Structure formats: C-alpha cells, structure tokens
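Only one structure is covered here, and it is reproduced in the block below.
The values are calculated or read from the model by the stated rules, or taken from the named source; none is laboratory data. Remember, it's a predicted structure, so these values are computed and weren't measured experimentally. Note that each Cβ is placed from the backbone with ideal geometry, even for glycine, and that neighbours are counted across all protein chains shown.
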Amino acid sequence: MGGYSLTDLVSIMAMQGFAGLILFSVFVLMALGLAIIFGQMGVINMAHGEFLILGAYMTYICSHVVQTYAPALFPVYFFAAVLLAFGASFLLGIVVEWLLIRHLYKRPLDTLLATWGLSLILQQIYRSIFGAREVGVELPPWMMGALQATDTIQIPINGLIVMGLTVIITIGVYLLIYRSRWGKQIRAVTGNRVMAGAVGIDTDRIDRYTFGIGCGIAGVAGAAFTMIGSTSPTAGQLYIVDTFLVVVFGGAASLLGTIASAFTISQARSTLEFFLSGSMAQVLVLLTVVGILMLRPQGLFTLKVRR
Amino acid sequence: MSETDYMLAVEGLTVSFDGFRAVDDLTFYVDRNEIRVIIGPNGAGKTTVLDLICGRTKASAGSIKFQNEELRTLKEHQIVRRGVGRKFQTPSIYDDLTVFENLEISFPRGRGVFGALAFRRDAEVRDRVEEVAKTIFLADALQRRAEFLSHGQKQWLEIGMLLIQQPSLMMLDEPVAGMSVAERKKTAELLHTITAGRSVLVVEHDMGFVEDIAHRVTVMHQGKILSEGTLAHVKADQRVVDVYLGH
Amino acid sequence: MSLLARLNTPERRELLWLAIFSVIILVVLPSILEPFRLNLFGKYLTYGFVTLGLVICWGDAGILSLGQGVFFGLGGYCMAMFLKLEASSVANTKIQSTPGIPDFMDWNQITHLPFFWQPFHSLAFSLAAVVVVPTVLALVIGVAMFKRRVGGTYFAIITQAIAAILTILIIGQQGYTGGVNGITDLRTLWGWDIRTDHAKTILYFVSAIALILCILAARVVRMSKLGRLLRALRDREDRVRFSGYEVANFKIFAFCFAAAVAGIGGAMFTLQVGFMSPSLIGIVPSIEMVIFCAVGGRTSLLGAVYGALLVNWAKTTFSEDLPQLWLLAMGGLFIAVVLAFPNGLAGIFRLAIDRLPKGPGGRRQPGITPVVAEQAGAPQ
C-alpha cells in the first residue's frame, strides 16, 4: 500500500466505506423483500430482480413525466417515484401470486423454475417497451451535490437519501412483521399453515399480500438503485445471486441477520474492490460466503428448534 | 456405568429446545425380550424419547446405552446397523414401490452406495421377503403398489420393514393409530410373535391395546417419568389417574 | 403372441424406445441433415449429457442443481486447454513475443505457461480430467453440503452462486483463461483437423455413441437398488436413513454422476463447436439446462435427452427468425411445464400410451409415476 499517506488511507477507507453503505442500502432493500418472501413464506422468487427493475423504470418514467409536464415539481419527484415504484411492484406481485405462486407452495423447487420463466418474460417486456439500452434517471440538482465532511472526504447527498429510505423501510418492515397483528398472522401461516387456516386466518389473503409487499419493497429498492446504477432490462439479474446469498447467509428467517449479512457482504466487497479488481473482490466475497455457508448452513442467526 | 444385562439403559437423559426441557433427566431400563409401552398425555415427550434413542434428535445430557454401547455419539444409520429399528407415527413407506420392493430396500445388505449398485435379488432375499410378508399378513399383496394398501396394512408394512432388519430393539410410535378393532387384535398378535429374541419399545395411547401387549408400562408427564411398573401398578397410581387416565 | 404383447414388460418397452432413439440419432438425422445442421444437432446432443445427469440427480434423488453449467464448462475447458496447447505450437505462434503459449496469454503479457496448464499437453491426462475435475468438484460440494443435511432450495442457491463465481473468475483472469471470449481458435486433435465438415460428422457420431453409452450407464444405475434408493430418499429421506443407509453418500453419488456426464458433454461440445467460453456455463445457461430437462421430463432419461434436442432446436429456429419472441416463448414454456406438465413431454407421452387400446394380455399398472411433491420449504 506504499504511496498513500495515512490521511489518504483514512479518507479512502471512509469513502469506500460510504460507497459500501450505499451498496449496503440497496442490498438491504432487495434482501428485505426476499427475506419476507423466502424467509417467511419459503418461496424462491427468481424474478425478484425484475421487480427491482420495474421500480427503477417507474422512477425513470416519473422523472420524465414530471420534467415534461410539471417541471416545478421536479425537485421532489423522487419521493413520488418511490411510492409509484412500490405500488407498481406491489400490484404486479399480487397478480403473479394469484396466477402462479399459489399453485406451487408445496413445490418450492418448481417455484424457482416458474419464477425464472417469469423473469425472462418480464425482461423481454421491458426490452420491448424501454429498449435494450441502459437508461439513466436525471436527479434534481440539489440531490446531486455532496457534503464536504473534511478536506478529503465527500459524502454524496443522494447516498444519504438512499440510506434514509432504507432505514425507514427497515423499521416499517420490522413493525409490520413483529409488531402488527398482520405480522403475527404471517408468522402463524408460516409456522403452521393448516392450523392457521383452522383458527380462521385467511391464509390465501395473507400469502397474497405478503408476496405483494415483498415485491413492493423490491420496487423501492429499484428506485434507490437508479441513483447508483443505470437501468437496463437485464440489470436485475446481476443482483439476484448476491441478494439470495445475503438472505441465506443471514439466516433466512431473521431480519437482523439479513441486515447484518448485507452489511458484511457489501462492506467487504467495496473495501476489497479498492485493493483488487472488482471481479476478484466479488469472487473473493462470494467464495467466502459460500465457504462459510458450507460450514454453517443455517446462516448467521438461527433459533434451535425441534425438527 | 458398568456392564449390564439390559437391552437398553437410559440414564439422566435430557434435551432442551430453546430453554424448554422436553425430556428432563429421564432414567429407565428395558430388559431383553421385554415389551415396554410408554404412555402419557400429549406433549409429555414420548416421541422425543424415541427420537433421542434413534439419533434423530441430539441429547443435551445423559447417556443412552444399547447393549452396553453408548448411542449418543453415533449417527442414525450406525444406530440402525447396531440393531435399533424405528417406526414413525404416520406410516412411512415408499408409495411408488411394491410391497416386495419396500421390504427388499430394507433388507440389510448392500447398504453402501456401490453395494446398492451391485445388489442382486437372489434366493436369500426372496425367501426372507416372503417370510416377513407372511408374518405381517401381506403375503398375497407382494406385487401391489404400497400406496394402494389400506392404512392398517401400511402400518404392518412398516413394521415388516423393521422386522427384515432383525433389530434387537424395535421402537414403534403409535402402531395402531387409525386401525380398526380387528386390525388392532392382529397387530397385538403380531407383536407377541415377533418379540422372541428382541425388545420392543412402544409409544401408544390406546389403553386396550396397551393392556394386550405391555409387559411393563412407563408413564411420562412433562418430560419426566411419573410412574413405572405393570399396567395394574400404574393404573393404581393416583398421580397417573390425575394427569392422564382420568380423562 | 403379437409383437406388442411380447414387448409389454416395462423394461423391454424402455429398451425399444432406446433403440428407436439410437436409430433416430445414428441413422435418420445424419441421412436427412446437411453437415452444418447435423453439427448443430451434435451441439444439442452435448446438452443431452447434462440433462440425463439431471434425471438421476434431480428427477430421482430430488437434488436440484443450478450449477450444471459449471461441470459442463469444466469438462469443456479441460478439452479446450488441450486443443489450445496443440494449436499454440511454437511453429504456429512464432509471431508472438513468447512463442509456444496460447495467444491470449501473450496478449496479456504472460511469458510462460502457468503450472496448471502444463499437464494439458497430454491427451490422456486431458481426457481423464474431463471426467475427474467435475467429479471431484461435485464431491467436495456434495460432502460439504449433504453431510450437513443441506438440501432443497439452499442447495440450489449455493450451486447457482458457484456458477456465478466460476464465470466471474474466468472472465476476471483472462490471462490464464482467455477471459470473456473463452478459449477459441482450436484446430487439431493429435494432428487431425477438427474444423472440416468430415471431421465434424465423425465427431457427431462419437458424441451420439458416447451419449447412448451414458444413457445405458444411467439406466444401470436406475434399475439397480441404488436407483430405487435414490427415488426412495427423495420421498422419504428419514425412512431410508432409519433403514440403515447413510443418505448423504447416496446424494453425493447422484450429484457426482451428474457432474461426470455433464463434463463429458462439455468436452464433446468443445470438440464439435471449436471453442469454450464463460457465456456457455454461467447462471443463465445452467438454469436453461434444468429447463431442457424439465421440458423433456425429469423422470425419464430419454425424455430429458429429447427435451435438450427439442428446446435447443426450437431456440435456434426461433432466434433466427423471431429473436424477441424467443425469450417470451422460453419463459412461457418454463411456466407451462411447471404448472401443467411436471413430468414434461415424457409424462404427456406416457399418458397418451396408457390411453391406447391395450393389446392382448396387456394390463398396465394404473397411472404414471407421479412427480414428487417436494417437501414444503417452510420450517416445521
């Protein structure tokens, strides 16, 4: 590491750390949706990345429409875009659950294949509508700036917004799953579907909305994603493996585990990326995660229960 | 503990799930050629005891000695190969296969990967399968697919799948649940004929059946032993009447 | 006694279908297709190796691997490394700054052959590696996962991650692997030019015969007690375990078998197509292989091989004319197979056969083997 002074290194670590935090936020948002769907319902949704991209395209559309028809509102369009992204992905999720997923609850491996098919279809639809090329979202000027923390450390404002969004959604999910009556019903259905049905919980409805919310959160992740990457029909696929690893690594049913593992993986990757090439950093992190999962398949956080 | 004559010696056996002690400091002994029945209210830990003995659940403390050998450190298939057979609560058989094939798969030969590849259906296998099929009243059904058997016949088939392994200790989890009266009678008969040279550990709720088969009875309650002895003895025990037999 | 009646045992019927299949790929296709098309079918056949392995691993033992492309690729790369070294003789590469090493190494300023390339000068070593390397990797993964009772969806995700790792690694280390372009410009096998039409036709027959042999080997496994045990543990893992079997070893065997045949398929791919690249082995190709198998029928060896042929043929045909529609068609196919025909084409075929008027003395067992209802993933 010769050639860098100590202050340089500190700044680099801080800025890489911050870059990692943005990646972390997107990971958390994506993983939260998956953690609900996979961890709570046991459903593998390979089209999760396409729900993310739906959110990203919604943000893209929103920025264009607002810029064209209501430029005065442009500075705050992003917040409307988040809601739109959530709504669109949520609705699509509900439709998908009704058409596809509900027939496959007893065959998780088949769900995986069917949702992969769905992801291909969605990709092609995006390509037909938006074209194969990557599109970027224009941000209002105030979101483009950066805070000058010290002489050498800059903190981009859009990063702060993404992180704020992540915190809000995470708290929301926590309240929903662990504090609300509905969350109790979700957990009851997960724990014992037959019994939950017998005590009068409408399991079909719970399944449908749970899936929808998981997808909706992926849509929000997509809105956040537009700030760090450009959107293309296949961009979602790039993230799906990472996200599944985040969820599995954290221990599928644990919210805290999901967040901790998203943090570990994203920080490790962005820190390593500075010293190695991007691809090698990714390989190293993936290999480590797979290695740890082989030693500790239950993930980082689990409860001991009777099998 | 030193060498004993017991088939099975369970001492101080404890297991807890997240702080809840499902089985708590349990000690009991099963003699050779004994049919022992474990009874008790739901949630008493009866099935968990069977799970612990056959290695499906790992104990937190205590010892399980089978013919003076500690089982706690062995894996499930090793325990089976030592001579402990286990029947599950709901009939657990291979629906796709015929009765013959169900029994053949359980025949204790060719248990390694390549042993299974080289396994041939010779006269010894055939004779043994037919012999066991006769014992479990399924001699006429050998070529029938197992999914088309009646519920009672499925239970017998699973007992037969244990029998063909010639275990020294057979553990049966509610073998007559869902059976007709006639089938229960036949099952009791079956257990008496197969107990020669082996011990049987049964978890059962049906008191009529328990009366038919049990040499001795162990009553469990909240993970502990409440009472033990002959059926007449435990029936006379006021605590047993209070928690179990009373209702 | 009519022919139909004599062919009535399931075993003999199956042999008859295998004979018909052999005639199709050894006689019919070569006589009706021009060399270019035949070579394409040769390429499709190599996916048949992968799908027949998946029948044992996924259809029988219930282990879904989303990383079969890894094994296919390892077999293919082992073959490609040998061919590349032969194509990079000092005489062929004298314009390079370091003659005698593959061109992509020279472009990446590598001046001597890395140690792990050295043994691939030997054809015998390379051919052994085609089978051994995928098998050993499968063994390591299998021991690590199955001994710890990891299965189902977790296993699928881990194998997918391994596919991702391998492709990123190959692309990232282009000096050693040829990078994103893969290993290209392969010319001769022991001095025999593999690029001519004639050579490609011969290689087609080699592939076809190797595939038939692999089908026969898989059939031996399936008909043995080992095969019955694999199907038994798919549905009743605990019962098998408590009949005294070490279940993990059986799963490891199934996974290794699938890896080994996939490796052979990969090598045959390299020979016939003339290159191997990461785009053929990553996440997407791996999951496509599963789909070939699902479409053909995950519980039928021949069905799965036909699935590989048909889907690939459709893919070529469609993507020549209507590339945009192909993804839609493919996606729709996945969903339709999973929802409506879990036993794939083979299942539909079996149903149709069962409805045929029965020959004299021909009483068939009712119904077809139902596909497994996999255990629900929800924790109990």
Scan the range B:56-108 for residues that are more than 9 Å from chain C (Cβ to nearest Cβ), aliphatic (A, V, I, L, M), touching a Lys or Arg at 6+ places or on another chain (Cβ under 9 Å) and not in a loop (DSSP other than H, G, I, E, B) and jot them down. B:64, B:99, B:103
Looking at the range C:82-95, is at least one residue part of a loop (DSSP other than H, G, I, E, B) and in contact with a Phe, Trp or Tyr (Cβ under 6 Å, 6 or more places away or on another chain)? no
Test: residue in the range B:163-181 that is assigned to a loop (DSSP other than H, G, I, E, B), farther than 21 Å from residue B:94 by Cβ and touching a residue at least 60 places away in the same chain (Cβ under 8 Å): yes
Test of understanding: among C:191, C:172, C:182, C:178, which residue is modelled with pLDDT under 90 and away from every other protein chain (no Cβ under 14 Å)? C:191
Residues located in the range A:33-57, provided they are touching a Gly at 6+ places or on another chain (Cβ under 7 Å) and over 13 Å from residue A:211 (Cα atoms): A:49, A:50, A:52, A:53, A:54, A:55, A:56
Only listed residue being within 14 Å of chain B (Cβ to nearest Cβ) and under 11 Å from the mean Cα position of the chain (by Cα), chosen from C:250, C:257, C:242, C:269: C:257
List pairs: first in the range A:271-298 and more than 7 Å from chain C (Cβ to nearest Cβ), second among the charged types (D, E, K, R), Cβ under 6 Å, 6+ apart or cross-chain? A:281/A:269; A:281/A:273; A:285/A:269
Where the second residue is of a type in the set (Ser, Thr, Tyr) and in a helix (DSSP H, G or I) and the first is more than 7 Å from every other protein chain (Cβ to nearest Cβ) and in contact (Cβ under 8 Å) with a residue 12 or more places away in the chain and lies in the range A:116-128, which pairs have Cβ atoms under 8 Å and are six or more apart or on separate chains? A:126/A:57
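In this structure, is residue C:64 crowded, with 20+ Cβ neighbours inside 10 Å, more than 20 Å from residue C:207 (Cα to Cα) and of a type in the set (A, V, I, L, M, F, W, C)?
So residue C:64 fits the description; yes.
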Here is a list: C:83, C:3, C:66. Which entry is of a type outside the set (Phe, Trp, Tyr) and at pLDDT below 90? C:3
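With the structure loaded, tell me whether residue A:227 is over 30 Å from residue A:102 (Cβ atoms) and either within 14 Å of another protein chain (Cβ to nearest Cβ) or in contact with a His (Cβ under 7 Å, 6 or more places away or on another chain) (or both) or whether it fails that test.
Values: over 30 Å from residue A:102 (Cβ atoms): yes; either within 14 Å of another protein chain (Cβ to nearest Cβ) or in contact with a His (Cβ under 7 Å, 6 or more places away or on another chain) (or both): no.
Spelling it out, it is not the case that residue A:227 is over 30 Å from residue A:102 (Cβ atoms) and either within 14 Å of another protein chain (Cβ to nearest Cβ) or in contact with a His (Cβ under 7 Å, 6 or more places away or on another chain) (or both).
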Of the residues in the range A:129-146, those that are under 15 Å from residue A:233 (Cα atoms), of a type outside the set (Val, Ile, Thr) and touching a residue at least 40 places away in the same chain (Cβ under 8 Å) come to A:130, A:132, A:133, A:134, A:136
Answer yes or no as to whether residue B:45 is modelled with pLDDT under 90 and either at the interface with another protein chain (Cβ under 7 Å from one of its Cβ atoms) or closer than 19 Å to residue B:200 by Cα (or both). yes
Tally, over the range C:222-239, of residues that are at the interface with another protein chain (Cβ under 9 Å from one of its Cβ atoms) and either without any contact (Cβ under 8 Å) to a residue 40 or more places away in the chain or small (Gly, Ala, Ser) (or both): 10
Considering every residue within the range B:93-110, establish whether at least one is modelled with pLDDT under 95 and under 20 Å from residue B:202 (Cα atoms). yes
Which residue pairs have Cβ atoms under 7 Å apart, sit 6 or more places apart or on different chains, and have a first residue in the range C:141-153 that is at positive phi and within 9 Å of another protein chain (Cβ to nearest Cβ) and a second that is in a helix (DSSP H, G or I) and modelled with pLDDT under 90? C:152/A:108; C:152/A:109
If you go through the range A:63-84 one residue at a time, do you hit one that is touching a residue at least 12 places away in the same chain (Cβ under 8 Å), within 22 Å of residue A:237 (Cα to Cα), within 14 Å of chain C (Cβ to nearest Cβ) and not charged (D, E, K, R)? no
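Search the range B:43-55 for residues being outside any helix (DSSP H, G or I) and hydrophobic (A, V, I, L, M, F, W, C), and hand back the single one that is surrounded by the fewest Cβ atoms within 10 Å (Cβ to Cβ).
Initially, the range B:43-55 is screened for residues outside any helix (DSSP H, G or I), giving B:43-45, B:54-55.
Still in the list and also hydrophobic (A, V, I, L, M, F, W, C): B:44, B:54.
Values: B:44: 24, B:54: 22.
That would be B:54.
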Tell me, yes or no, whether the range A:16-35 has at least one residue that is on the phi > 0 side of the Ramachandran plot, modelled with pLDDT under 85, surrounded by fewer than 24 Cβ atoms within 10 Å (Cβ to Cβ) and not hydrophobic (A, V, I, L, M, F, W, C). no
Can you find a residue in the range C:127-136 that is more than 10 Å from chain A (Cβ to nearest Cβ), over 29 Å from residue C:103 (Cα atoms), assigned to a helix (DSSP H, G or I) and not aliphatic (A, V, I, L, M)? yes
Are any residues in the range C:276-287 more than 11 Å from the chain's Cα centre (by Cα) and either within 12 Å of another protein chain (Cβ to nearest Cβ) or on the phi > 0 side of the Ramachandran plot (or both), and if so, which ones? C:278, C:282, C:283, C:284, C:287
When the residues of the range C:162-199 are narrowed to those that are more than 21 Å from residue C:271 (Cα to Cα) and touching a residue at least 40 places away in the same chain (Cβ under 8 Å), which ends up nearest to the chain's Cα centre (by Cα)? C:163
